[in-house]
Amino acid sequence: MSIDNLTDSGPGARIQDPVPPALCKSMRLFMLALGILCTGLGIVGIILPVMPGTVFLLIAAWAFSRSSERLHLWLYHHPRFGRTIRNWHQYRAIPIKAKIMAVTMMAGSFIYILVTLNQNWMLPVLIGALLVPVAIWIVTRPSLVRADG
């Protein structure tokens with residue numbers, strides 16, 4: 001791989017995935033629209049505590065990486081959002097605050113479902129069977145990026 005494919009030159013930097021093959025114009029426009037929509041939802045999620053913002057910003061960064069290099073670089077190096085996106089891309093790290101918020105919101109949603117659907121037991125069991133592995137996956141991701149050196 002050439003040096004141009006590096007996302008960062010610091011310690012622990014990962015080599016960026018190869019540039020995806022050129023998309024047809026309609027798919028590129030779809031990915032661009034998805035990136036713009038997810039950026040908007042991510043910003044709303046940063047402001048509103050009941051909506052996850054980071055996940056939408058990660059989707060936006062992915063969509064922009066396949067549709068608009070300029071918007072991808074803007075989001076990747078954004079002063080407010082960039083660090084989280086870079087930490088996920090390079091280290092697969094989720095901030096501890098985001099983990100706590102995600103697991104708390106999942107638990108709250110599950111409790112709400114248990115209380116409101118007291119007649120039907122099958123749906124809460126299925127939802128719980130989905131939420132528990134997701135919560136375990138979130139909790140087991142690295143929290144902090146180690147400073148090497």
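The values are calculated or read from the model by the stated rules, or taken from the named source; none is laboratory data. The model shown is predicted, which means the values in this text are computed figures rather than measured ones. Here the Cβ is made from the backbone with ideal geometry for all residues, glycine too, and neighbour counts use every protein chain on show.
When you go through Arg86, Arg66 one by one, which is the residue that is touching a helix residue (DSSP H, G or I) at 6+ places or on another chain (Cβ under 7 Å) and touching a residue at least 60 places away in the same chain (Cβ under 8 Å)?
Arg86
Which ones in the range 33-62 are within 14 Å of the chain's Cα centre (by Cα) and either closer than 19 Å to Ile100 by Cβ or aromatic (Phe, Trp, Tyr) (or both)?
Correct list: Gly42, Gly45, Ile46, Met51, Pro52, Gly53, Thr54, Val55, Phe56, Leu57, Leu58, Trp62.
Looking at (1) closer than 20 Å to Ile59 by Cα; (2) at pLDDT below 90, can you tell me which one Ile113 breaks?
For Ile113, the exception is condition (1).
Could you name every one of the helices (runs of 4 or more DSSP H) located completely within the range 78-149 that has at least 2 residues being closer than 21 Å to Met51 by Cα and of a type in the set (Gly, Ala, Ser)?
Qualifying helices (runs of 4 or more DSSP H): 96-116, 122-140.
Assigned by TED's automatic domain parsing to the domain that holds Leu32 and in contact with a Lys or Arg (Cβ under 9 Å, 6 or more places away or on another chain), is that true of His72?
In short, yes.
Does Val44 fit the bill of being assigned to a loop (DSSP other than H, G, I, E, B) and of a type in the set (Val, Ile, Thr)?
no
Just one of Pro133, Pro124, Pro95 is over 23 Å from Arg28 (Cα atoms) and under 16 Å from the mean Cα position of the chain (by Cα); which is it?
Step by step, each of Pro133, Pro124, Pro95 is checked, and only Pro95 is over 23 Å from Arg28 (Cα atoms) and under 16 Å from the mean Cα position of the chain (by Cα).
Among the numbered criteria (1) surrounded by 18 or more Cβ atoms within 10 Å (Cβ to Cβ); (2) within 24 Å of Ser143 (Cα to Cα); (3) of a type in the set (Phe, Trp, Tyr), which one does Tyr91 miss?
(1)
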